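Values in this text are rule-based calculations from the coordinates and carry no lab data. This structure is a prediction, so every number in the text was calculated from the model and none was measured. Cβ: placed from backbone, ideal geometry, glycine included. Neighbour counts: every protein chain shown.
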Amino acid sequence: MNIRQAIELALEQEKMAKEKYLEMSRIAEDQETRLMLEQIAREEESHYRRLLERLKAIKLMGK
């Protein structure tokens, strides 16, 4: 596995994690839990965006 493949895999994992936390937030029984899960989903989205920027940089470097 090279760096590009590792980042692509990480991107997929972050996307799936975000979706799972959002799904869990929709079925949360209380507002506190729902808000916490939504916050975690936003953190996963932030991770995704940072990884995407790294992937773009790697592609520009020709790797």
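Please go through region 11-63 and give me each residue that is crowded, with 17+ Cβ neighbours inside 10 Å, under 8 Å from the mean Cα position of the chain (by Cα) and hydrophobic (A, V, I, L, M, F, W, C), ordered by number.
The answer is L11, A17, A41.
Between a first residue in region 18-32 that is within 16 Å of E44 (Cβ to Cβ) and a second residue that is in a helix (DSSP H, G or I) and hydroxyl-bearing (S, T, Y), which pairs have beta carbons less than 8 Å apart while being 6 or more apart in sequence or on different chains?
That search, which allows pairs on different chains as well, returns K18/Y48; S25/T33.
Looking only at region 1-10, count every residue that is loosely packed, with under 12 Cβ neighbours inside 10 Å and of a type outside the set (A, V, I, L, M) and tell me the total.
Summing the residues that are loosely packed, with under 12 Cβ neighbours inside 10 Å and of a type outside the set (A, V, I, L, M) in region 1-10 gives 2.
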